[in-house]
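Worksheet: the structure to be examined is printed underneath.
The values are calculated or read from the model by the stated rules, or taken from the named source; none is laboratory data. Keep in mind it's a predicted model, so treat the numbers as computed, not measured. Cβ atoms come from the backbone with ideal geometry, glycine included; neighbour counts cover every protein chain shown. Just so you know, the surface numbers come from the protein's heavy atoms only, side chains and all, with ligands and any DNA or RNA stripped out. Shrake-Rupley method; radii C 1.70, N 1.55, O 1.52, S 1.80 Å.
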2 protein chains.
Amino acid sequence: MLNWYLETTNEDTVISTRIRIARNISGIPFINKMTQEDAYNVINTMKKAIQNIDYGLKILLLKDMDDITKLSLIEKHIISPEFALNKTNLGAIAINEEENICIMINEEDHLRIQTFSAGLNLENALYLATEIEKKLGENINYAYNEKYGFLTSCPSNVGTALRTSIMMHLPALTKTKNIGKVLNVLNSFEMNIRGVYGEGTSSKGNIYQISNKQTLGVTEEETIQNLKAIIDRLIEQEKLARKILTKKPIELEDEIYRAYGIFTNCRKISSDECTMLLSKIRLGVDLGIIKEITNAKVNKLEIYTKPANLQKQLGQVMDGYTRDIKRADIIKQIICE
Amino acid sequence: MLNWYLETTNEDTVISTRIRIARNISGIPFINKMTQEDAYNVINTMKKAIQNIDYGLKILLLKDMDDITKLSLIEKHIISPEFALNKTNLGAIAINEEENICIMINEEDHLRIQTFSAGLNLENALYLATEIEKKLGENINYAYNEKYGFLTSCPSNVGTALRTSIMMHLPALTKTKNIGKVLNVLNSFEMNIRGVYGEGTSSKGNIYQISNKQTLGVTEEETIQNLKAIIDRLIEQEKLARKILTKKPIELEDEIYRAYGIFTNCRKISSDECTMLLSKIRLGVDLGIIKEITNAKVNKLEIYTKPANLQKQLGQVMDGYTRDIKRADIIKQIICE
């Protein structure tokens, strides 16, 4: 069974799709008001509920997980940093082996049902999340208000309580200095956008997460449609920018292959440099310049070279210096697979 | 028949050995006083003289050679820039196919008999040069003075008129910042040292040329012995410095393999960058870190990537931009041979 993030996709620009539906259990106080007993109550309710649905979900308590495992899930964007690093230790996750389903329990809401998919896959991811929400709903009574819809801990999620996030790789828009303009337009469309690595909207790896703001007064389908329209425009803009770059083919190939040369030959490499080089390599693979590897391998390289996943993979805790060396080793290993 | 500069050597630090013996023909005015007729007289004398000796030498007149051919010989350090670029067009060379013998005719002296060898090969190179000098002397009457020895155009060469030059690669002494100290010591031993690429004693490719100053009051054998002693010390110092570098093996390997990665993957590369990367690669090959290529291949890469040799090799005159691209091509070609 392949992890979702290791799958090959046909879509160049979109790395992954995430759907997140927030739900709370009626009769149990919301997170900021709940006692330890309430928290266990939520976990136990979920333990029973997942027995009746068929997704191979297993409950793991955060307090039983070591830091590297938690950090490795953060690096894969499967759980939120705030949730994983919360000291109250009342959190849990329900996760399957492929890791394309992960329900965060006692995060900001009692339940945050998440589904993940490589590439652009909004409809399927939403279908799966909705299906899980419905099946769980047969055993769980969700907090719901006729006027507002589903109630959530934070008012910004009330209504559909649906957040859809798309991870996009936008190296050409960044390189041609058009990214700022494009991001401004997005903001006016009620979309959130942020760089995945680095502060604010800047992004070392040229990876950006685009998600909907609105949850109230729209349907799930409308949310998906709106986001899809925006993403399509972004793909179009990025492809236009890539066309501009390919007008200087030698310069582009040179930049990409120098990155590939360093990446595959270095003996030690930091996580930041790795992220930067992988962005160029990903662009090279997308454009058919680098034929040596597939985009699935780029995805694998991106995950396995992150600090916690690297340590998880090698089954040992390592200092930064050792990680930089082992990162170079694992790169060569994955490239040669 | 292999060109001398493409031969494999056992010596890490010494790239090549050159012997140069200056001679003038008795009865013909020295260069700065000679007429065009005198110059032709020298050339014709040599034409006859080489018929009686057996080294496969051919006379080529500078005025019949195109610029790229002349520049390619300069890049190989076979002829001097001043000689090649002289507009009076009275110069010629007598050269064999392996290019390990090249007599410059009408350079600063009537004859400058030069022999070349890969690696450290003083005795053999001197033996060959002396043999040629003797055989030519059977047909040519050299300008000679009982008191001073052989007479030369510039007083600094009078006596043996012997200049021996050793081309050394000293990356570790440079990197450990000991090169300045070492060069100062050399100066006090009456040796000339200069960086081969770049101004003064700095050297982009970490390649230095060491040659004797003294020609008066010493024998040829003493000159060789003195130089040999200095070179041995330099080799020793460089090897000590290399040992220091190998104390941080990961850092060293990382630096060397990053250079190798860029070198073998780039799509365009300047001559300067090429020189810098080749220095690191040469060190890597010397230390057994890079096993993919031999030092003979490094020598070949160094010669064939120089601007004029690149154009000579490809049989076309190219602008700088095109050369940078073709240089990257030829690197890949030679690496894969």
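Overview of results
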{"item": "Selection count where residues are farther than 19 Å from A:K47 by Cα and surrounded by fewer than 16 Cβ atoms within 10 Å (Cβ to Cβ), scope region A:120-137", "result": "3"}
{"item": "Given (1) open to solvent by 60 Å² or more (accessible area, probe 1.4 Å); (2) closer than 30 Å to B:A328 by Cβ; (3) in contact (Cβ under 8 Å) with a residue 12 or more places away in the chain; (4) not hydroxyl-bearing (S, T, Y), index of the condition A:G217 fails", "result": "(2)"}
{"item": "Residues of region B:56-102 classified as within 13 Å of the chain's Cα centre (by Cα), open to solvent by less than 40 Å² (accessible area, probe 1.4 Å) and of a type outside the set (S, T, N, Q), total", "result": "9"}
{"item": "Given (1) out of contact with any Pro (no Cβ under 7 Å at 6 or more places or on another chain); (2) within 30 Å of A:N187 (Cα to Cα); (3) away from every other protein chain (no Cβ under 14 Å), number of the condition A:S279 does not satisfy", "result": "(1)"}
{"item": "Residue that is closer than 30 Å to A:P155 by Cα and of a type outside the set (V, I, T), where the choices are A:R233, A:R242, A:R258", "result": "A:R233"}
{"item": "Region B:236-274: number of residues that are open to solvent by 20 Å² or more (accessible area, probe 1.4 Å) and either part of a loop (DSSP other than H, G, I, E, B) or more than 7 Å from chain A (Cβ to nearest Cβ) (or both)", "result": "19"}
{"item": "Some residue of region A:138-149 being part of a helix (DSSP H, G or I), closer than 26 Å to A:Y40 by Cβ and either in contact with a helix residue (DSSP H, G or I) (Cβ under 6 Å, 6 or more places away or on another chain) or touching a residue at least 60 places away in the same chain (Cβ under 8 Å) (or both)", "result": "no"}
{"item": "Residue match in region A:107-118 (condition: at pLDDT 95 or above, out of contact with any strand residue (DSSP E or B) (no Cβ under 6 Å at 6 or more places or on another chain) and of a type outside the set (A, V, I, L, M))", "result": "no"}
{"item": "Qualifying residue in region A:1-14 (condition: closer than 16 Å to A:L111 by Cα and hydrophobic (A, V, I, L, M, F, W, C))", "result": "no"}
{"item": "Some residue of region B:85-95 being farther than 26 Å from B:V317 by Cβ and at pLDDT 95 or above", "result": "yes"}
{"item": "Of all residues making up region A:287-307, the number that are open to solvent by 10 Å² or more (accessible area, probe 1.4 Å), away from chain B (no Cβ under 14 Å) and not in a helix (DSSP H, G or I)", "result": "3"}
{"item": "Boolean, B:K332 is modelled with pLDDT under 95 and outside the structural domain of B:S16 (by TED's automatic domain parsing)", "result": "no"}
{"item": "Count of region A:308-330 residues which are open to solvent by 50 Å² or more (accessible area, probe 1.4 Å) and either of a type in the set (S, T, N, Q) or in a loop (DSSP other than H, G, I, E, B) (or both)", "result": "5"}
{"item": "Yes/no for B:R233 being more than 11 Å from chain A (Cβ to nearest Cβ) and either crowded, with 21+ Cβ neighbours inside 10 Å or under 17 Å from A:C266 (Cβ atoms) (or both)", "result": "no"}
{"item": "Residues of region A:166-191 classified as surrounded by fewer than 17 Cβ atoms within 10 Å (Cβ to Cβ), within 30 Å of A:E146 (Cβ to Cβ) and within 21 Å of the chain's Cα centre (by Cα), total", "result": "1"}
{"item": "Filter pass, B:A39 being under 25 Å from the mean Cα position of the chain (by Cα) and either open to solvent by less than 20 Å² (accessible area, probe 1.4 Å) or not assigned by TED's automatic domain parsing to the domain that holds B:T88 (or both)", "result": "no"}
{"item": "Candidates A:R194, A:R112, A:R163 - the one that is in a strand (DSSP E or B), open to solvent by 70 Å² or more (accessible area, probe 1.4 Å) and touching a residue at least 12 places away in the same chain (Cβ under 8 Å)", "result": "A:R194"}
{"item": "Residue check for A:G284: at pLDDT 95 or above and more than 8 Å from chain B (Cβ to nearest Cβ)", "result": "yes"}
{"item": "Residue selected from region B:56-104 under the condition in contact (Cβ under 8 Å) with a residue 60 or more places away in the chain, in a loop (DSSP other than H, G, I, E, B) and touching a helix residue (DSSP H, G or I) at 6+ places or on another chain (Cβ under 7 Å), by the criterion nearest to B:Q311 (Cα to Cα)", "result": "B:K76"}
{"item": "Residues of region A:166-183 satisfying the condition of being assigned to a helix (DSSP H, G or I) and modelled with pLDDT of 90 or more", "result": "A:P171, A:A172, A:L173, A:T174, A:K175"}
